[in-house]
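The values are calculated or read from the model by the stated rules, or taken from the named source; none is laboratory data. As the structure is a prediction and not an experimental result, all values here were calculated from the model. Ideal geometry is used to build each Cβ from the backbone, glycine not excepted, and the neighbour counts take in all protein chains shown. What goes into the accessible areas is simple: the full protein's heavy atoms, side chains included, and nothing from ligands, DNA or RNA. Shrake-Rupley method; radii C 1.70, N 1.55, O 1.52, S 1.80 Å.
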Amino acid sequence: MASLITLKERVYIAELMEKGEIGKEYVVAGWVDTVRVHGKLVFVVLRDRSGKMQVVAKKNISEDAWRTAKSLTPESVVAVRGVLVESKAALGGRELQAREIVVYSKAEPLPIDIHDHAKTVLAKRLDWRFLDLRNPRNQTIFLVEAEMARAAREWFASNGFVEIFTSKIVGAATEGGAEVFSIVYFDKPAFLAQSPQLYKQMGVIAGFERVYEIGPAFRAEPHHTTRHLTEYTSVDLEMGFIDSYEDVMDAVEGVVRAMVEAAVGRYRSRIEEYFPGAVLELPKKIPRITIREAYKLLEAAGVKVEWGEDLSSEAERKLGEIVEREYGSPIVFVTEYPWNARPFYTMKKPDEPEWTLSFDLLFRGLEIATGGQREHRYEVLRRQIEEKGLNPKNFEWYLAMFRYGAPPHGGAGIGLERVVMQTLGLSNIREARLLPRDPERLTP
RNA sequence: GCCGCGGUAGUAUAGCCUGGCCUAGUAUGCGGGCCUGUCAAGCCCGUGACCCGGGUUCAAAUCCCGGCCGCGGCGCCA
(Lines give C-alpha, C1' and ligand atoms only; values in the text may rest on other atoms or scores of the structure.)
Protein backbone atom coordinates (compact mmCIF):
# COMPACT_ATOMS: atom_id res chain seq x y z
CA MET A 1 0.00 0.00 0.00
CA ALA A 2 1.28 3.45 -0.87
CA SER A 3 2.23 5.67 2.02
CA LEU A 4 -0.39 8.12 3.16
CA ILE A 5 2.29 10.48 4.39
CA THR A 6 3.81 13.11 2.16
CA LEU A 7 6.76 15.16 3.34
CA LYS A 8 5.09 18.34 2.14
CA GLU A 9 2.99 18.05 5.28
CA ARG A 10 6.04 17.92 7.47
CA VAL A 11 6.40 20.43 10.31
CA TYR A 12 9.56 21.04 12.30
CA ILE A 13 9.58 19.65 15.81
CA ALA A 14 10.50 22.92 17.50
CA GLU A 15 7.60 24.64 15.79
CA LEU A 16 5.20 21.91 16.82
CA MET A 17 6.34 21.99 20.42
CA GLU A 18 5.97 25.76 20.53
CA LYS A 19 2.76 26.45 18.69
CA GLY A 20 1.16 23.22 17.52
CA GLU A 21 -2.55 22.93 18.24
CA ILE A 22 -3.48 20.30 20.78
CA GLY A 23 -5.78 17.70 19.28
CA LYS A 24 -4.71 18.34 15.70
CA GLU A 25 -2.94 15.91 13.40
CA TYR A 26 0.63 16.59 12.24
CA VAL A 27 3.43 14.95 10.31
CA VAL A 28 6.96 15.05 11.69
CA ALA A 29 10.04 13.44 10.19
CA GLY A 30 13.58 12.89 11.32
CA TRP A 31 15.91 10.46 13.00
CA VAL A 32 14.96 8.09 15.80
CA ASP A 33 16.91 9.39 18.78
CA THR A 34 15.87 6.67 21.24
CA VAL A 35 13.30 3.88 21.35
CA ARG A 36 11.85 2.45 24.53
CA VAL A 37 9.71 -0.59 23.93
CA HIS A 38 7.28 -1.50 26.70
CA GLY A 39 4.68 -4.22 26.54
CA LYS A 40 1.91 -2.46 24.74
CA LEU A 41 3.55 0.92 24.43
CA VAL A 42 6.49 2.27 22.48
CA PHE A 43 8.12 5.60 23.26
CA VAL A 44 10.19 7.12 20.50
CA VAL A 45 12.17 10.32 20.78
CA LEU A 46 12.32 11.79 17.31
CA ARG A 47 15.00 14.29 16.34
CA ASP A 48 15.14 16.72 13.46
CA ARG A 49 17.47 19.63 13.03
CA SER A 50 15.23 21.87 15.10
CA GLY A 51 14.98 19.67 18.19
CA LYS A 52 13.54 16.54 19.74
CA MET A 53 10.11 15.39 20.79
CA GLN A 54 8.45 12.28 22.13
CA VAL A 55 6.26 10.16 19.94
CA VAL A 56 4.20 7.46 21.57
CA ALA A 57 2.72 4.44 19.80
CA LYS A 58 0.07 2.34 21.51
CA LYS A 59 -0.86 -1.20 20.69
CA ASN A 60 -4.41 -0.23 19.75
CA ILE A 61 -3.30 1.60 16.58
CA SER A 62 -3.25 -0.24 13.27
CA GLU A 63 -1.53 -3.60 13.25
CA ASP A 64 0.89 -2.31 10.64
CA ALA A 65 1.90 0.82 12.54
CA TRP A 66 2.29 -1.12 15.77
CA ARG A 67 4.60 -3.64 14.20
CA THR A 68 6.63 -0.85 12.66
CA ALA A 69 6.86 1.03 15.95
CA LYS A 70 8.10 -2.03 17.85
CA SER A 71 10.87 -2.68 15.36
CA LEU A 72 12.28 0.84 15.09
CA THR A 73 16.03 1.12 15.54
CA PRO A 74 18.01 4.15 16.73
CA GLU A 75 18.97 6.59 13.94
CA SER A 76 16.54 5.19 11.42
CA VAL A 77 14.89 7.88 9.33
CA VAL A 78 11.14 7.95 9.74
CA ALA A 79 8.04 10.07 9.34
CA VAL A 80 5.16 9.92 11.76
CA ARG A 81 1.62 11.16 11.43
CA GLY A 82 -0.04 11.60 14.77
CA VAL A 83 -2.18 13.67 17.05
CA LEU A 84 -0.56 16.29 19.23
CA VAL A 85 -1.59 15.79 22.85
CA GLU A 86 -0.67 17.26 26.19
CA SER A 87 1.29 14.98 28.46
CA LYS A 88 2.60 15.95 31.85
CA ALA A 89 5.03 13.08 31.71
CA ALA A 90 6.50 13.94 28.32
CA LEU A 91 9.50 16.11 27.63
CA GLY A 92 8.21 19.61 26.94
CA GLY A 93 4.72 18.78 28.13
CA ARG A 94 3.42 17.47 24.81
CA GLU A 95 3.85 14.46 22.60
CA LEU A 96 2.63 13.05 19.33
CA GLN A 97 0.37 9.99 19.45
CA ALA A 98 1.32 8.04 16.38
CA ARG A 99 -1.24 6.86 13.83
CA GLU A 100 1.01 6.11 10.90
CA ILE A 101 4.73 5.50 10.71
CA VAL A 102 6.87 5.34 7.59
CA VAL A 103 10.42 4.06 7.75
CA TYR A 104 12.48 5.55 4.93
CA SER A 105 15.75 4.04 6.03
CA LYS A 106 16.39 1.50 8.74
CA ALA A 107 19.64 2.03 10.63
CA GLU A 108 21.92 -0.85 11.56
CA PRO A 109 23.36 -1.03 15.10
CA LEU A 110 25.62 1.99 15.55
CA PRO A 111 29.40 1.67 15.65
CA ILE A 112 29.78 4.58 18.08
CA ASP A 113 27.83 6.14 20.92
CA ILE A 114 26.31 9.29 19.49
CA HIS A 115 24.42 10.44 22.56
CA ASP A 116 27.51 11.20 24.56
CA HIS A 117 30.56 12.35 22.65
CA ALA A 118 32.80 11.64 25.63
CA LYS A 119 32.09 7.91 25.42
CA THR A 120 34.03 7.43 22.21
CA VAL A 121 37.55 8.62 21.51
CA LEU A 122 37.86 11.43 18.98
CA ALA A 123 39.73 9.34 16.40
CA LYS A 124 36.92 6.80 16.30
CA ARG A 125 34.31 9.54 16.17
CA LEU A 126 36.09 11.08 13.20
CA ASP A 127 36.09 7.73 11.43
CA TRP A 128 32.31 7.92 11.71
CA ARG A 129 31.99 11.67 11.32
CA PHE A 130 28.56 11.60 9.70
CA LEU A 131 27.21 9.80 12.76
CA ASP A 132 29.21 11.85 15.21
CA LEU A 133 27.58 14.98 13.81
CA ARG A 134 24.10 13.66 14.56
CA ASN A 135 24.91 14.69 18.12
CA PRO A 136 23.46 18.18 18.60
CA ARG A 137 26.50 19.25 20.57
CA ASN A 138 28.83 18.43 17.72
CA GLN A 139 26.47 19.93 15.20
CA THR A 140 26.50 23.15 17.20
CA ILE A 141 30.23 23.51 16.56
CA PHE A 142 29.56 23.82 12.84
CA LEU A 143 26.53 26.02 13.24
CA VAL A 144 28.81 28.34 15.20
CA GLU A 145 31.49 28.11 12.53
CA ALA A 146 29.01 28.90 9.76
CA GLU A 147 27.62 31.83 11.69
CA MET A 148 31.11 33.16 12.32
CA ALA A 149 31.99 32.96 8.63
CA ARG A 150 28.75 34.68 7.72
CA ALA A 151 29.35 37.43 10.28
CA ALA A 152 32.89 37.94 9.03
CA ARG A 153 31.68 38.36 5.45
CA GLU A 154 29.06 40.79 6.61
CA TRP A 155 31.61 42.80 8.59
CA PHE A 156 33.99 42.91 5.65
CA ALA A 157 31.27 43.96 3.25
CA SER A 158 30.11 46.79 5.46
CA ASN A 159 33.66 48.01 5.95
CA GLY A 160 34.57 48.32 2.31
CA PHE A 161 36.40 45.03 1.80
CA VAL A 162 36.12 43.18 -1.50
CA GLU A 163 36.05 39.40 -1.42
CA ILE A 164 38.68 37.77 -3.61
CA PHE A 165 39.34 34.16 -4.54
CA THR A 166 43.01 33.42 -5.00
CA SER A 167 44.66 30.35 -6.43
CA LYS A 168 45.52 27.51 -4.12
CA ILE A 169 47.82 25.95 -6.69
CA VAL A 170 51.04 27.90 -6.63
CA GLY A 171 54.36 27.69 -8.38
CA ALA A 172 56.48 28.72 -5.42
CA ALA A 173 56.20 28.59 -1.65
CA THR A 174 54.91 31.85 -0.22
CA GLU A 175 57.55 32.44 2.36
CA GLY A 176 60.36 30.30 1.06
CA GLY A 177 59.96 27.67 3.76
CA ALA A 178 59.79 23.93 3.26
CA GLU A 179 56.43 23.52 4.93
CA VAL A 180 54.39 23.18 1.74
CA PHE A 181 52.73 20.23 0.08
CA SER A 182 54.19 19.36 -3.29
CA ILE A 183 51.87 18.40 -6.07
CA VAL A 184 52.42 17.46 -9.66
CA TYR A 185 51.10 20.04 -12.08
CA PHE A 186 51.35 18.41 -15.50
CA ASP A 187 55.09 18.35 -16.07
CA LYS A 188 55.97 21.00 -13.49
CA PRO A 189 56.42 20.94 -9.75
CA ALA A 190 53.82 22.97 -7.87
CA PHE A 191 52.57 23.47 -4.33
CA LEU A 192 49.42 23.92 -2.33
CA ALA A 193 49.21 27.49 -1.05
CA GLN A 194 50.16 27.85 2.60
CA SER A 195 48.65 31.36 2.67
CA PRO A 196 47.09 33.86 0.25
CA GLN A 197 49.52 36.45 1.62
CA LEU A 198 51.17 37.61 -1.57
CA TYR A 199 47.96 37.51 -3.58
CA LYS A 200 45.95 39.57 -1.16
CA GLN A 201 48.72 42.18 -1.21
CA MET A 202 48.27 42.07 -4.96
CA GLY A 203 44.60 42.79 -4.45
CA VAL A 204 45.44 45.94 -2.53
CA ILE A 205 48.09 47.10 -4.98
CA ALA A 206 45.83 46.30 -7.92
CA GLY A 207 43.54 49.01 -6.65
CA PHE A 208 40.86 47.25 -4.64
CA GLU A 209 42.47 48.86 -1.58
CA ARG A 210 40.71 46.51 0.83
CA VAL A 211 40.34 42.80 0.18
CA TYR A 212 39.55 39.65 2.10
CA GLU A 213 39.35 35.95 1.50
CA ILE A 214 37.96 33.08 3.49
CA GLY A 215 39.57 29.95 2.15
CA PRO A 216 41.78 26.94 2.74
CA ALA A 217 45.42 27.08 3.70
CA PHE A 218 47.75 24.08 3.62
CA ARG A 219 50.68 23.40 5.91
CA ALA A 220 52.93 20.38 5.52
CA GLU A 221 54.30 20.67 9.05
CA PRO A 222 54.08 17.27 10.76
CA HIS A 223 52.50 18.69 13.91
CA HIS A 224 51.21 16.23 16.45
CA THR A 225 49.25 18.60 18.62
CA THR A 226 45.68 19.46 19.53
CA ARG A 227 45.87 22.85 17.84
CA HIS A 228 47.28 22.15 14.36
CA LEU A 229 45.73 20.96 11.13
CA THR A 230 47.45 20.44 7.81
CA GLU A 231 44.46 22.05 6.12
CA TYR A 232 42.55 24.85 7.78
CA THR A 233 40.35 27.79 6.93
CA SER A 234 42.04 31.14 6.91
CA VAL A 235 40.11 34.37 7.25
CA ASP A 236 42.50 36.73 5.52
CA LEU A 237 42.34 40.47 5.12
CA GLU A 238 44.57 43.12 3.64
CA MET A 239 44.03 46.86 3.62
CA GLY A 240 45.74 49.77 1.89
CA PHE A 241 46.30 53.38 2.92
CA ILE A 242 46.81 52.68 6.59
CA ASP A 243 48.64 54.97 8.99
CA SER A 244 49.94 52.11 11.05
CA TYR A 245 49.43 48.51 12.03
CA GLU A 246 47.07 49.82 14.69
CA ASP A 247 44.55 50.23 11.87
CA VAL A 248 44.95 46.54 11.03
CA MET A 249 44.43 45.57 14.65
CA ASP A 250 41.26 47.64 14.69
CA ALA A 251 40.02 45.68 11.70
CA VAL A 252 40.95 42.30 13.22
CA GLU A 253 39.28 43.31 16.46
CA GLY A 254 36.19 44.31 14.49
CA VAL A 255 35.93 41.03 12.61
CA VAL A 256 36.67 38.78 15.57
CA ARG A 257 34.15 40.64 17.70
CA ALA A 258 31.55 40.36 14.94
CA MET A 259 32.23 36.63 14.67
CA VAL A 260 31.96 35.84 18.36
CA GLU A 261 28.99 38.12 18.95
CA ALA A 262 27.06 36.73 16.00
CA ALA A 263 27.63 33.13 17.04
CA VAL A 264 26.74 33.74 20.67
CA GLY A 265 23.82 35.94 19.65
CA ARG A 266 22.28 33.28 17.48
CA TYR A 267 23.16 30.10 19.38
CA ARG A 268 23.49 31.28 22.96
CA SER A 269 21.22 28.64 24.52
CA ARG A 270 22.84 25.77 22.63
CA ILE A 271 26.31 27.04 23.48
CA GLU A 272 25.43 27.39 27.16
CA GLU A 273 23.92 23.92 27.19
CA TYR A 274 26.72 22.08 25.47
CA PHE A 275 29.83 24.17 26.10
CA PRO A 276 29.99 25.32 29.71
CA GLY A 277 33.54 26.54 29.14
CA ALA A 278 32.61 28.87 26.28
CA VAL A 279 33.51 32.54 26.12
CA LEU A 280 30.23 34.41 25.74
CA GLU A 281 31.58 37.92 25.38
CA LEU A 282 34.72 39.80 24.53
CA PRO A 283 35.93 42.89 26.39
CA LYS A 284 34.89 46.31 25.07
CA LYS A 285 38.45 46.90 23.99
CA ILE A 286 41.00 44.14 23.46
CA PRO A 287 44.16 45.01 25.42
CA ARG A 288 47.32 45.62 23.38
CA ILE A 289 50.73 45.02 24.84
CA THR A 290 54.14 44.94 23.20
CA ILE A 291 56.07 41.72 23.26
CA ARG A 292 58.63 43.43 25.45
CA GLU A 293 55.91 44.11 28.00
CA ALA A 294 54.88 40.48 27.62
CA TYR A 295 58.44 39.32 28.39
CA LYS A 296 58.35 41.41 31.55
CA LEU A 297 54.97 40.11 32.66
CA LEU A 298 56.13 36.55 32.07
CA GLU A 299 59.40 37.07 33.91
CA ALA A 300 57.55 38.62 36.83
CA ALA A 301 55.42 35.48 36.92
CA GLY A 302 58.51 33.31 36.98
CA VAL A 303 58.33 32.10 33.37
CA LYS A 304 61.63 31.91 31.55
CA VAL A 305 61.64 33.90 28.30
CA GLU A 306 64.29 34.73 25.77
CA TRP A 307 64.28 38.39 24.92
CA GLY A 308 64.23 38.93 21.19
CA GLU A 309 62.69 35.53 20.52
CA ASP A 310 59.17 34.45 19.69
CA LEU A 311 57.01 33.27 22.57
CA SER A 312 56.91 29.53 23.11
CA SER A 313 53.52 27.87 23.24
CA GLU A 314 53.92 27.50 26.99
CA ALA A 315 54.71 31.22 27.32
CA GLU A 316 51.64 32.04 25.24
CA ARG A 317 49.46 29.95 27.53
CA LYS A 318 50.94 31.56 30.64
CA LEU A 319 50.57 35.01 29.15
CA GLY A 320 46.92 34.23 28.51
CA GLU A 321 46.47 33.46 32.20
CA ILE A 322 48.33 36.57 33.30
CA VAL A 323 46.31 38.83 31.01
CA GLU A 324 43.09 37.23 32.18
CA ARG A 325 44.11 38.01 35.74
CA GLU A 326 45.62 41.46 35.25
CA TYR A 327 43.34 42.85 32.53
CA GLY A 328 40.27 40.67 32.98
CA SER A 329 40.42 39.77 29.31
CA PRO A 330 40.52 36.32 27.68
CA ILE A 331 42.05 37.88 24.60
CA VAL A 332 45.06 40.11 23.96
CA PHE A 333 47.08 41.62 21.13
CA VAL A 334 50.82 41.18 21.48
CA THR A 335 52.70 43.62 19.26
CA GLU A 336 56.14 44.47 17.90
CA TYR A 337 57.49 40.96 17.45
CA PRO A 338 61.21 40.61 16.82
CA TRP A 339 62.30 40.78 13.18
CA ASN A 340 63.93 37.38 13.36
CA ALA A 341 60.55 35.80 14.16
CA ARG A 342 58.66 37.41 11.30
CA PRO A 343 58.49 36.91 7.52
CA PHE A 344 60.35 39.09 5.03
CA TYR A 345 57.37 41.23 4.06
CA THR A 346 56.90 42.57 7.59
CA MET A 347 57.69 46.27 8.10
CA LYS A 348 60.38 46.93 10.66
CA LYS A 349 59.90 49.47 13.40
CA PRO A 350 61.54 52.65 12.01
CA ASP A 351 63.55 53.64 15.10
CA GLU A 352 64.21 50.10 16.36
CA PRO A 353 64.72 47.83 13.33
CA GLU A 354 65.17 44.69 15.42
CA TRP A 355 61.45 44.88 16.19
CA THR A 356 58.56 44.96 13.75
CA LEU A 357 55.19 46.62 13.19
CA SER A 358 53.40 43.34 13.70
CA PHE A 359 51.07 41.58 16.08
CA ASP A 360 49.59 38.28 17.15
CA LEU A 361 46.16 37.92 18.65
CA LEU A 362 46.14 35.47 21.55
CA PHE A 363 42.76 34.08 22.57
CA ARG A 364 42.87 32.11 25.83
CA GLY A 365 46.58 31.65 25.37
CA LEU A 366 46.43 30.48 21.77
CA GLU A 367 47.43 32.40 18.69
CA ILE A 368 44.31 32.90 16.59
CA ALA A 369 45.55 35.65 14.28
CA THR A 370 48.77 37.11 12.98
CA GLY A 371 49.23 40.36 11.12
CA GLY A 372 51.02 43.62 10.74
CA GLN A 373 52.05 46.38 8.41
CA ARG A 374 53.77 45.18 5.25
CA GLU A 375 56.88 46.69 3.71
CA HIS A 376 55.78 48.52 0.56
CA ARG A 377 59.08 50.23 -0.38
CA TYR A 378 60.67 48.26 -3.21
CA GLU A 379 64.31 48.65 -2.22
CA VAL A 380 63.68 47.88 1.42
CA LEU A 381 61.55 44.87 0.57
CA ARG A 382 64.19 43.50 -1.77
CA ARG A 383 66.82 43.90 0.92
CA GLN A 384 64.62 42.12 3.47
CA ILE A 385 64.17 39.14 1.15
CA GLU A 386 67.93 38.80 1.00
CA GLU A 387 68.25 39.30 4.73
CA LYS A 388 66.03 36.28 5.26
CA GLY A 389 68.31 34.23 3.03
CA LEU A 390 65.77 34.02 0.21
CA ASN A 391 66.46 34.52 -3.45
CA PRO A 392 64.80 37.67 -4.89
CA LYS A 393 64.66 35.89 -8.26
CA ASN A 394 61.95 33.61 -6.85
CA PHE A 395 59.87 36.65 -5.99
CA GLU A 396 60.15 38.55 -9.24
CA TRP A 397 56.46 38.83 -10.00
CA TYR A 398 55.81 39.81 -6.38
CA LEU A 399 58.59 42.39 -6.20
CA ALA A 400 57.48 43.94 -9.48
CA MET A 401 54.25 45.05 -7.79
CA PHE A 402 56.22 47.41 -5.62
CA ARG A 403 57.81 49.25 -8.54
CA TYR A 404 54.56 50.57 -9.95
CA GLY A 405 52.80 52.24 -7.06
CA ALA A 406 52.11 50.34 -3.85
CA PRO A 407 50.28 52.11 -1.02
CA PRO A 408 51.24 51.63 2.61
CA HIS A 409 49.25 48.60 3.67
CA GLY A 410 48.87 45.82 6.15
CA GLY A 411 46.74 42.82 6.90
CA ALA A 412 46.22 39.71 8.93
CA GLY A 413 45.24 36.06 8.83
CA ILE A 414 42.77 34.60 11.29
CA GLY A 415 42.45 30.86 11.87
CA LEU A 416 38.74 30.12 11.71
CA GLU A 417 38.90 26.74 13.45
CA ARG A 418 40.99 28.24 16.22
CA VAL A 419 38.45 30.97 16.82
CA VAL A 420 35.71 28.36 17.03
CA MET A 421 37.83 26.16 19.27
CA GLN A 422 38.74 28.88 21.73
CA THR A 423 35.29 30.42 21.79
CA LEU A 424 33.66 27.11 22.68
CA GLY A 425 36.52 25.89 24.84
CA LEU A 426 37.19 22.74 22.78
CA SER A 427 40.21 20.71 23.77
CA ASN A 428 41.14 19.58 20.26
CA ILE A 429 41.03 21.60 17.04
CA ARG A 430 40.01 18.49 15.10
CA GLU A 431 36.61 18.87 16.72
CA ALA A 432 36.27 22.24 15.02
CA ARG A 433 37.04 20.94 11.55
CA LEU A 434 34.40 19.00 9.65
CA LEU A 435 36.90 16.66 8.04
CA PRO A 436 40.23 17.21 9.77
CA ARG A 437 43.51 16.49 8.05
CA ASP A 438 46.57 15.87 10.17
CA PRO A 439 49.87 14.14 9.39
CA GLU A 440 48.19 10.74 9.73
CA ARG A 441 44.58 11.30 8.82
CA LEU A 442 43.48 11.52 5.20
CA THR A 443 39.99 10.04 5.57
CA PRO A 444 37.07 10.36 5.59
C1' G B 1 61.38 15.86 12.62
C1' C B 2 62.54 14.78 18.03
C1' C B 3 60.44 12.81 22.62
C1' G B 4 56.72 10.29 25.55
C1' C B 5 52.30 7.20 26.17
C1' G B 6 49.15 3.58 24.28
C1' G B 7 46.54 -0.67 21.10
C1' U B 8 41.60 -6.02 25.27
C1' A B 9 34.01 -7.55 22.41
C1' G B 10 30.30 -2.56 18.22
C1' U B 11 31.80 1.40 22.04
C1' A B 12 34.35 2.65 26.69
C1' U B 13 37.27 0.26 30.09
C1' A B 14 39.51 -3.55 34.30
C1' G B 15 43.43 -6.99 34.24
C1' C B 16 49.73 -6.07 32.48
C1' C B 17 54.15 -3.42 37.03
C1' U B 18 54.67 -8.58 40.52
C1' G B 19 53.52 -14.56 34.00
C1' G B 20 49.74 -19.60 36.25
C1' C B 21 43.98 -18.16 40.45
C1' C B 22 41.71 -15.37 32.91
C1' U B 23 37.06 -20.64 31.18
C1' A B 24 39.58 -12.52 30.42
C1' G B 25 35.78 -8.79 34.76
C1' U B 26 32.51 -4.31 34.34
C1' A B 27 29.36 -0.72 31.80
C1' U B 28 26.91 0.17 27.45
C1' G B 29 25.30 -1.76 22.74
C1' C B 30 23.12 -5.91 20.20
C1' G B 31 19.43 -10.53 20.29
C1' G B 32 15.41 -12.71 23.22
C1' G B 33 11.68 -12.60 27.41
C1' C B 34 8.22 -9.71 31.02
C1' C B 35 5.84 -4.99 31.25
C1' U B 36 0.11 0.79 29.05
C1' G B 37 3.55 6.18 30.89
C1' U B 38 8.57 5.62 29.96
C1' C B 39 12.21 9.41 29.23
C1' A B 40 19.86 7.40 27.55
C1' A B 41 13.21 3.05 31.31
C1' G B 42 13.52 -1.30 34.66
C1' C B 43 14.25 -6.59 35.70
C1' C B 44 15.80 -11.62 33.72
C1' C B 45 18.51 -14.62 29.98
C1' G B 46 21.90 -14.64 26.01
C1' U B 47 25.84 -12.58 22.60
C1' G B 48 30.61 -10.73 21.72
C1' A B 49 37.50 -9.11 22.59
C1' C B 50 43.55 -9.80 24.21
C1' C B 51 46.60 -5.25 16.79
C1' C B 52 50.22 -8.40 13.60
C1' G B 53 54.84 -11.34 13.49
C1' G B 54 58.86 -13.43 16.13
C1' G B 55 61.25 -14.66 20.88
C1' U B 56 61.78 -16.08 26.34
C1' U B 57 59.20 -19.76 29.49
C1' C B 58 56.69 -25.92 31.72
C1' A B 59 53.17 -21.65 31.10
C1' A B 60 52.25 -15.06 27.84
C1' A B 61 46.63 -10.37 27.51
C1' U B 62 50.86 -9.87 31.01
C1' C B 63 58.07 -10.07 29.85
C1' C B 64 61.57 -8.98 25.32
C1' C B 65 62.32 -7.58 19.91
C1' G B 66 60.32 -5.89 15.19
C1' G B 67 56.18 -3.99 12.39
C1' C B 68 51.64 -1.45 11.76
C1' C B 69 48.20 1.91 13.86
C1' G B 70 46.51 5.62 17.45
C1' C B 71 47.15 9.67 21.10
C1' G B 72 49.86 13.64 23.15
C1' G B 73 54.24 17.15 24.19
C1' C B 74 57.97 20.14 21.69
C1' G B 75 59.85 22.98 17.71
C1' C B 76 56.85 25.83 14.22
C1' C B 77 52.55 27.99 13.30
C1' A B 78 46.41 30.00 12.20
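Along the axis of the charge dipole computed for chain A (Cβ charges of +1 for Lys and Arg, -1 for Asp and Glu, origin at the Cα centre), the listed residues A:G328, A:G265, A:S50 are led at the positive end by A:S50.
Need one number: % antiparallel among DSSP beta bridges in segment A:69-211, to the nearest 5. Intermediate results must be reported in sequence, preceding the final value.
Working: 16 of 17 bridges.
About 95 percent, rounded to the nearest 5.
Considering only C-alpha atoms, what is the centroid distance from segment A:364-443 to segment A:133-209, in Å? Taking the Cα centre of each part, segment A:364-443 and segment A:133-209 sit 10 Å apart. Here A:R403 and A:S167 are evaluated by their C-beta separation; at R0 = 30 Å the FRET efficiency comes out at 0.85. Using a cutoff of 8 angstrom between alpha carbon atoms and counting only pairs six or more residues apart, the relative contact order for chain A works out to 13 percent.
For a straight C-alpha distance cut-off of 13 angstrom, the aspartates and glutamates reachable from A:K348 (same-chain residues fewer than eight places away being disregarded) are A:E336, A:E375, A:E387. A Cβ-based charge dipole, computed about the Cα centre of segment A:187-333 with Lys and Arg at +1 and Asp and Glu at -1, lands at about 320 debye.
Taking 0.36 nm per residue of separation and subtracting the current Cα-Cα distance, fully stretching the chain between A:R288 and A:H224 would add 20.0 nm.
Ignoring the sites themselves, chain A has its longest run without chymotrypsin sites (Phe, Trp or Tyr not before Pro) in a DSSP loop having at most 10 other Cβ atoms within 10 Å at A:1-164.
Cα convex hull, chain A: 189 Å³ per residue, rounded to a whole number. Helix A:245-274 axis versus longest C-alpha principal axis of chain A: approximately 20°, rounded to the nearest ten. What a 1.4 Å probe finds exposed on chain A is 52% carbon and sulfur by accessible area, rounded to a whole percent.
Rule-of-thumb check for segment A:302-409: C-alpha Rg over 2.2 N^0.38 Å? Please report the intermediate quantities before stating the final value.
Working: Rg = 16.3 Å, N = 108, 2.2 N^0.38 = 13.0 Å.
Scaled against compact globular proteins, the figure is 1.25.
When A:L280, A:L4 are compared by accessible area of protein heavy atoms, the largest-first order is A:L4, A:L280, using a 1.4 Å probe.
Using Cα positions and a limit of under 25 Å, work out the lysines in reach of A:K119, with same-chain residues fewer than 8 apart set aside. By straight Cα distance, A:K119 reaches A:K52, A:K106. Radius of gyration over Kirkwood radius for segment A:1-153, both on Cα atoms: the Rg/Rh ratio is 1.00.
Between A:Y185 and A:R49, the FRET efficiency estimated from the beta carbon spacing at R0 = 30 angstrom works out to 0.15. Relative to the longest principal axis of the Cα atoms of chain A, the long axis of helix A:136-158 lies at roughly 50 degrees.
Note down the magnitude of the dipole of segment A:127-432 about its Cα centre, charges +1 on Lys and Arg C-beta and -1 on Asp and Glu C-beta and zero elsewhere, to the nearest 20 debye.
Its charge dipole is roughly 440 debye.
Once C-alpha pairs closer than 8 Å and six or more residues apart are averaged by separation and normalised to the residue number of segment A:280-379, the relative contact order reads 26 percent. Extension gain, A:V77 to A:E379, is 102.2 nm, computed as 0.36 nm per intervening residue step minus the present C-alpha separation.
Are any of the pairs A:K19/A:K88; A:K24/A:K88; A:K19/A:K58; A:K8/A:K58 more than 21 Å apart by Cα-Cα distance, and if so, which? Pairs exceeding 21 Å: A:K19/A:K58; A:K8/A:K58. Each Lys and Arg contributes +1 and each Asp and Glu -1, all at the Cβ; summed about the Cα centre of segment A:311-444, the dipole is approximately 440 debye.
On a per residue basis, segment A:127-432 carries 44 Å² of accessible surface, using protein heavy atoms and a 1.4 Å probe.
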